[in-house]
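Have a look at this one before I ask anything.
What follows draws every value from the coordinates through simple rules; no lab data is involved. None of the values given here were measured: they were computed from a predicted structure. Glycine gets a Cβ as well: all are built from the backbone with ideal geometry, and neighbour counts include every protein chain shown.
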Amino acid sequence: MGIYIVRRMIAAVWLLLIVTAATFVVFFLVPRLAGATPDDLASRYAGRTASPEVIHQIAIKLGFTDPIWVQYGRFVKGLVLGADYSTGPTTVHCPAPCLGYSFLTQNPVLPDLLDRLPVTMSLAAGGALIWLLAGVSTGVISALHRGSVFDRAAMGVALAGVSLPIFFTGLLALSVFSYWLGITAPGGSYTPINENPLHWAYDLLLPWITLAFLYAAGYARLTRAGMLDTMGEDFIRTARAKGLPERTVVLRHGLRAALTPILTIFGIDLGLLLGGAILTESTYSLPGIGKYSVDAVVNNDLPKVLGVVLVGSMFIIVANLVVDLLYAVVDPRVRYQ
Amino acid sequence: MSPLLEVRDLRVHFPTEDGVVKAVDGLSLQLERGRRLGIVGESGSGKSAAALAIMGLHQPGTARISGEIWLDSTESGRADLVRAGAEQVRKLRGRTMAMIFQDPLSALHPYYTVGHQIVEAYRLHHDVSKQRAYRHAVELLDRVGIPQSGSRVDDYPHQFSGGMRQRVMIAMMLSCNPDLLIADEPTTALDVTVQAQILDLIRDLPAAVLVISHDLGVVAELADDILVMYAGRAVEYGPASDVFAAPQHPYTWGLLGSMPRWDRTRSQRLAPIPGTPPSLINIPPGCPFHPRCRYAELTGGQATSVRPELRPAGSPEHLVACHLPNPRRAQILADEIRPTL
C-alpha cells in the first residue's frame, strides 16, 4: 500500500509538470503565433506613456525575450527553490514553492490563492454536503417508488437541475430569495467561519443551494439508476430471504452496493470544485479561487493563471488518489487484487 | 398432526402488457416434517415462482397470488402465508423457512464478510451478543465442512470457491435452524464433483427440504417425493421410488428420456421432448402438454378440451394428471417406455 501511494505521488508530480507546461505553451506561445511580440506583452506592465525603449527594457527584465523553455525552467525553479522578483525600486522574494509573481497586482500568487482558498472550500464543502444528502436520498426514494408521482417529479426537477446553468438558477434564486423575499444574503459578501459561523452560513446558503441543485440532480439520477440495478440483484433476494426488514435491505444491502460509483464521482467533483467554483463564485461575487482565476484570465495575468491551474490540478490529482484508496476500503474485491 | 407445509390451489399470476403470465396456476402439494420433496420441470414451468411465493419473496404489486399456503411453524403455529401480513411472513423468513439459491456468488453480498452475513441473519432472530453470534457462525461453517472456519469467517464471498460459497449460503440459512429449507437449483451453478458433496450436505439436514431442479438426477439423490410440474401445475406427484420405477405422465417419460445416458450409443443417448414449453400467457386449452404429446390422440379429444386433474395411477399415493386411461397408459409404459429407461 505504501509503495502504491509513493508511486502515485511520483506520477502526480509528472502530471503536474505536464499540465503546467501545457498551460505555459497556451499562454506564451499562442499570443506569439497570433503576432504579439515580447514588447507587446511587456507594454501591459509599463504604464500608458512608456516609450518603446522602456517597454523593451521591461520585456528583457521580465524575461519575455528568453526562449520559452528558459521561461518555463525559471517557473519550475521558482517552484522548487523560490525566486526573487525585481519590481523596479525593490526586490520581492517569493519563497518556495513559488507559484509566480503577478506584476499587475504586484503580489506573489501563492498567498493570494491561500487567502481565497477558505472561501472556495467553504462553498464546496457546504454544497457537497447538501447535494450528497439531497441527491442520494431523492435517488433512493425514486428507485423504490419507480414510476410514482414522486419519481416523475423528482426526475423532472433533476433534469432541470442538470440542464440549467448556474448563472441562470443563481440569478433567479438571488432575485427571488434575496431581493424579493429578502430571506437570504444579497451576494457579494463572505464572512470567515472563525469570525461568525452563523453569518458564514447565512452568506453562503444561497450559493450552496444553487451549487447543490446542479450536482444533486446528477447524483439523484445516478443513485436511482444504481439502486434500480442493485435492488434487482440476487443478494437483495437473499437479504429478504433472511427475514431482514425492508429498511435494512434497502440501506445496508442495496444502497451500500450502489454507493461505490457515487463515491468515485463525488471525489472527483469535489476535487474539481476546490480548484474553483467559477460560475457560482462569479454569480455571487464570492472572493474564491474561481473568481480569482476568471480575473486572471480576463487580465491575461499569466502567473496567476499558472498558479490556479497548478493548484486546481493538484486538487484533482489528490482527489483521484483518495478515491482510488477509498475504493479499496469500500470494495473488498479491490483490496485483495 | 398437520403437515409442515401444505399448498392448496396456489396461483401466481403476473399481469403484463401482453397479458397475464400464469407462472403458477393451481399447484397443490404437501410436505411433512423431516421429508424432502423434489419439484422438477423445465425452465418456465413455475417451480421457482412457486418457491418464491411460499417464501413471500414476490414483489408486492407485481405478482397476484391466490390460493393457500399453510405453514405449521414450531414457534408461531399454523398460518396461511397468502393471507398473512407481510410483516408476519417476514418474521417467519430466515427463522422458520429459509431458502438457498442457484448462484451462490451473486446471492451473497460482495461487500460483507461471510461471518457478518451469517451473524446478521442469526442476530435478527436471536437476542445474543455479537461475539456469541460469531462463535455460532464459526460452528456453522465448521458443520457445513469449511476448513479453518475460525479464520475463514472473516473472508469475503469472492475468496471462496463455488462449492464453498454454496456451503456458506447453507450455513447462513441454517443459522436459525429452520423447519423448512427451500433449495432452488442448489447445485446447478457448481462443478459436478462439488454437486455430490452439496447434495450430501443437504440430505443430512434435519429440516424438511423442498428442492427445485430441472435435473432429475439431483432430485433422485435427495427427494422422498417427487412433483413434476408443467405450465404452472403438477402433472405427476408421488413417492420418488414410484415415479422413477413407473413414471406415469408422458411429460415425465419425456424428461427421463432427455437425460443423457453414458450407457447408450450416441444416437440413442438423448430423446428430447419435441416442441417448446408453452406460453404462460396463452396456456393451451385442455391438457397444456397436448401439443407436445405423442399420445394426445388416444384420449378421444379430451386432451384438447378438458384440463386433467390429478388422480391415482399405479398406486394410491402416485397421482397423475393425464387423460390416458390407466390400462392404456400401463400398456404404453410396458411396451414403449420401460425398454428405453
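Restricting to chain B, what percent of DSSP beta bridges are antiparallel, rounded to 5? Can you show the working numbers first?
Details: 32 of 52 bridges.
The answer is about 60 percent antiparallel.
Per 5 Å bin from zero, what fraction in whole % of the C-alpha pairs of the range B:37-155 is there, up to the bin with the longest pair?
That works out to 2, 9, 16, 18, 18, 15, 13, 7, 2, 0, in percent per bin.
Hey, what did chain B get for relative contact order, percent, Cα under 8 Å, at least 6 apart? All intermediate terms of the calculation are to be shown ahead of the outcome.
On the way: 642 pairs, mean separation 63.4, N = 341.
Taking the mean separation of contacting Cα pairs over the length of chain B, I get 19 percent.
If you don't mind, there's one more thing I want to ask. Give the angle, between 0 and 90 degrees and rounded to the nearest 10, that separates the Cα long axis of helix A:68-81 from the longest principal axis of the Cα atoms of chain A.
70
Same structure again: Take the alpha carbon atoms of chain A, find their radius of gyration, then divide it by 2.2 N^0.38 Å using N residues; give the quotient.
So chain A has a normalised radius of gyration of 1.22.
Which loop-located trypsin sites (Lys or Arg not before Pro) does the range A:1-109 contain, where loop means any DSSP state but H, G, I, E or B and the Cβ has at most 16 other Cβ atoms within 10 Å? Walk me through the numbers before you get to the answer.
Working: sites: A:ARG7, A:ARG8, A:ARG32, A:ARG44, A:ARG48, A:LYS61, A:ARG74, A:LYS77; in loops: A:ARG44, A:ARG48.
Answer in residue order: A:ARG44, A:ARG48.
Choose one answer from B:ARG33, B:ARG152, B:ARG132: the residue with the largest mean-square fluctuation in a GNM of chain B with alpha-carbon springs under 10 Å.
Maximum among the listed residues: B:ARG132.
Measure out, as a whole number of angstrom, how far apart the alpha-carbon centroids of the range B:274-341 and the range A:87-144 sit.
79
Return, ordered by residue number, the residues of the range B:23-52 whose backbone nitrogen is under 18 Å from a label point located 7 Å along Cα→Cβ of B:THR276.
Only B:23, B:42-46 pass the distance filter.
Hey, got a sec? Which GluC sites (Glu not before Pro) in the range B:20-103 land in a DSSP loop and have at most 13 other Cβ atoms within 10 Å?
Numbers: sites: B:GLU32, B:GLU42, B:GLU68, B:GLU75, B:GLU87; in loops: B:GLU32, B:GLU42, B:GLU75.
Within the range B:20-103, the qualifying GluC sites (Glu not before Pro) (loop, at most 13 other Cβ atoms within 10 Å) are B:GLU75.
Follow-up question, since we're still on this one. Here are some pairs, A:LYS61/A:LYS291; A:LYS77/A:LYS304; A:LYS242/B:LYS22; B:LYS22/B:LYS91; which of them have Cα atoms lying more than 22 Å apart in this structure?
The answer is A:LYS61/A:LYS291; A:LYS242/B:LYS22; B:LYS22/B:LYS91.
Also: Take the alpha-carbon centre of the range A:287-318, take the same for the range A:3-17, and report the distance between them in whole Å.
Spelled out, the Cα-based centre of one part sits 22 Å from the other.
Also, I was wondering about something else. How far is helix B:130-143 tilted, in degrees, relative to the longest principal axis of the Cα atoms in chain B, given as a value from 0 to 90 rounded to the nearest 10?
Helix B:130-143 sits at roughly 40 degrees to that axis.
Please identify, among A:ILE141, A:ILE209, A:ILE278, the residue showing maximal mean-square fluctuation in a Gaussian network model of chain A using a 10 angstrom Cα cutoff.
Result for chain A, Cα springs under 10 Å: A:ILE141 fluctuates most.
Which one of B:TYR251, B:SER305, B:VAL320 is farthest out on the positive end of the charge dipole of the range B:247-340, using unit charges on Cβ (Lys, Arg +1; Asp, Glu -1) and the Cα centre as origin?
Of the listed residues, the answer is B:TYR251.
Report the extension gain between A:ASP324 and A:ALA34 in nm, rounded to one decimal, defined as 0.36 nm multiplied by the number of residues separating them, less their alpha carbon distance. Could you put the intermediate results ahead of the total?
Details: separation 290, 0.36 × 290 = 104.40 nm, distance 4.19 nm.
Contour length minus Cα-Cα distance gives 100.2 nm.
Looking at B:LEU105, A:PHE150, A:ILE58, which one has the Cα that reaches farthest to the positive end of the dipole of the protein assembly as shown (charges on Cβ: Lys, Arg +1; Asp, Glu -1)?
Towards the positive end, the residue furthest out is B:LEU105.
Just in the range A:244-331: which chymotrypsin sites (Phe, Trp or Tyr not before Pro) are loop by DSSP and have at most 11 other Cβ atoms within 10 Å? Could the numbers behind the result be given before it?
Numbers: sites: A:PHE266, A:TYR284, A:TYR292, A:PHE315, A:TYR327; in loops: A:TYR284.
Sites meeting the loop and neighbour criteria: none at all.
Just grab the label-to-label distance for A:HIS199 and B:ARG78, each label 7 Å out from Cα along the Cβ direction, in nm (one decimal).
Reported label-point gap for A:HIS199 and B:ARG78 is 7.7 nm.
Volume per residue, Å³, of the convex hull around the alpha-carbon atoms of the range A:102-147?
On the way: hull volume 3.6 nm³, N = 46.
With only Cα atoms used, the range A:102-147 gives 79 Å³ per residue.
Taking the Cα centre of the range B:85-217 as the origin, how large is its charge dipole in debye, to the nearest 20, when only Lys and Arg (+1) and Asp and Glu (-1) carry charge on their Cβ atoms? Walk me through the numbers on the way to the answer.
Working: 13 positive and 15 negative charges, 100 e Å.
Dipole of the range B:85-217, to the nearest 20 debye: 480 debye.
Next up: FRET efficiency for A:GLN57 and A:LEU272, Cβ-Cβ distance as r, R0 = 35 Å, nearest 0.05? Walk me through the numbers before you get to the answer.
On the way: r = 42 Å, r/R0 = 1.19.
The pair A:GLN57/A:LEU272 has a calculated efficiency of 0.25.
How big is the charge dipole of the range B:247-340 about its Cα centre, in debye rounded to the nearest 20, if each Lys and Arg gets +1 on its Cβ and each Asp and Glu gets -1 on its Cβ?
Numbers: 11 positive and 6 negative charges, 54 e Å.
Around 260 debye, computed over the range B:247-340.
Now for a different question. With +1 on the Cβ of every Lys and Arg and -1 on the Cβ of every Asp and Glu, and nothing else charged, how large is the dipole of the range A:2-108 about its Cα centre, in debye rounded to the nearest 20?
Numbers: 8 positive and 5 negative charges, 75 e Å.
Once rounded to the nearest 20, the dipole reads 360 debye.
Note the full-extension length gain between A:VAL149 and A:LEU81 as 0.36 nm times their separation in residues minus their Cα-Cα distance, in nm to one decimal. Please report the intermediate quantities before stating the final value.
Working: separation 68, 0.36 × 68 = 24.48 nm, distance 6.17 nm.
Residue separation times 0.36 nm, minus the Cα-Cα distance, leaves 18.3 nm.
In whole percent, what relative contact order does chain A give with Cα contacts below 8 Å and a gap of six or more residues? Write out the running numbers ahead of the final one.
Details: 419 pairs, mean separation 65.0, N = 337.
Relative contact order comes out at 19 percent.
Next up: If each Cα of chain B is one equal point scatterer, what is log10 of I(q)/I(0) from the Debye formula at q = 0.13 Å⁻¹?
-1.02
Among A:GLY135, A:PHE315, A:LEU174, which residue has its Cα positioned farthest towards the positive end of the charge dipole of the range A:110-335, with +1 placed on the Cβ of Lys and Arg, -1 on the Cβ of Asp and Glu, and the dipole taken about the Cα centre?
Most positive-ward Cα: A:GLY135.
Over all distinct alpha-carbon pairs, what is the Kirkwood Rh of the protein assembly as shown in angstrom?
On the way: mean 1/r = 0.0323 Å⁻¹.
Radius from the Kirkwood sum: 30.9 Å.
Separate question: How far apart, in nm, are the 7 Å Cα→Cβ label points at A:THR49 and B:ASP18?
8.9
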